[in-house]
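The values are calculated or read from the model by the stated rules, or taken from the named source; none is laboratory data. Because the structure is a prediction, the values reported are computed rather than measured. All Cβ positions, even for glycine, are placed from backbone atoms using ideal geometry, and neighbour counts span all protein chains on display.
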């Protein structure tokens, strides 16, 4: 059986760049900026401190609308507009309050039914997301452990292999035939081959940042290790 081609980043002497250009930094520079020994990982105390500073590694959902706004939104439906229009025309032409109230009552019934269906769909989606909780394998205090991905902080050392979802943005420092599918970010249907070499060119597109891993992309082949650089809404 052929031995896997493993690339481990080595210390370099490149000029230090702004913190957001992680792909331009060597592994040593990245580790220094994030205050971590990538051979041991963060300590439990440091993780707790950074969780208080950076918060959870989750993407914020859209702002929840009020019940009144949700109710009014139901009237954007084409059928609702027709019914309201029919009620107005009926009242202006015939002045029959009974028919007008029936038509308006029907729009209220439709709105309530629509809200009920939306509520059930949101509850089902929330339950599904809870079942699909992302677990990340990290190195902390020199030990490899599994944690909820929402608990990751910048500086964490993440261990990945084929079948895993990348739990945060990070600078790769170990790659063994590592390939990551990044179609959602780059539009490329072919998985990206990864290595650990820093990129000296500025303004490199996401798809060409071969030394980086990005949140919610999927490892399709090989294994790798990375230093988390960004979490949550900063990814």
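To keep it simple, each residue is scored yes or no on (1) closer than 24 Å to residue 200 by Cβ; (2) at pLDDT below 80.
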{"site": "1", "(1), (2)": "no, yes"}
{"site": "5", "(1), (2)": "yes, yes"}
{"site": "42", "(1), (2)": "no, no"}
{"site": "47", "(1), (2)": "no, no"}
{"site": "61", "(1), (2)": "no, yes"}
{"site": "72", "(1), (2)": "no, no"}
{"site": "84", "(1), (2)": "no, no"}
Residue within the stretch 185-208 that is closer than 24 Å to residue 151 by Cα and in contact with a strand residue (DSSP E or B) (Cβ under 7 Å, 6 or more places away or on another chain) present: no
Count - residues of the stretch 35-93 that are farther than 30 Å from residue 139 by Cβ and surrounded by 10 or more Cβ atoms within 10 Å (Cβ to Cβ): 21
Residues of the stretch 40-70 classified as free of Cβ contacts under 8 Å to residues at least 60 places away in the same chain and more than 23 Å from the chain's Cα centre (by Cα), total: 6
Filtered residues of the stretch 65-88 (kept if more than 18 Å from residue 112 (Cα to Cα) and either out of contact with any helix residue (DSSP H, G or I) (no Cβ under 7 Å at 6 or more places or on another chain) or outside the structural domain of residue 115 (by TED's automatic domain parsing) (or both)): 85, 88
So residue 189, is it exposed (fewer than 11 other Cβ atoms within 10 Å of the Cβ) and touching a helix residue (DSSP H, G or I) at 6+ places or on another chain (Cβ under 7 Å): yes
Residue 20 vs. criteria at pLDDT below 90, more than 26 Å from the chain's Cα centre (by Cα) and in a loop (DSSP other than H, G, I, E, B): no
Selection count, the stretch 159-191, where residues are more than 16 Å from the chain's Cα centre (by Cα) and in contact (Cβ under 8 Å) with a residue 60 or more places away in the chain: 11
Hits in the stretch 166-205 - residues which are under 25 Å from residue 135 (Cβ atoms) and assigned to a loop (DSSP other than H, G, I, E, B): 166, 167, 168, 182, 191, 194, 196
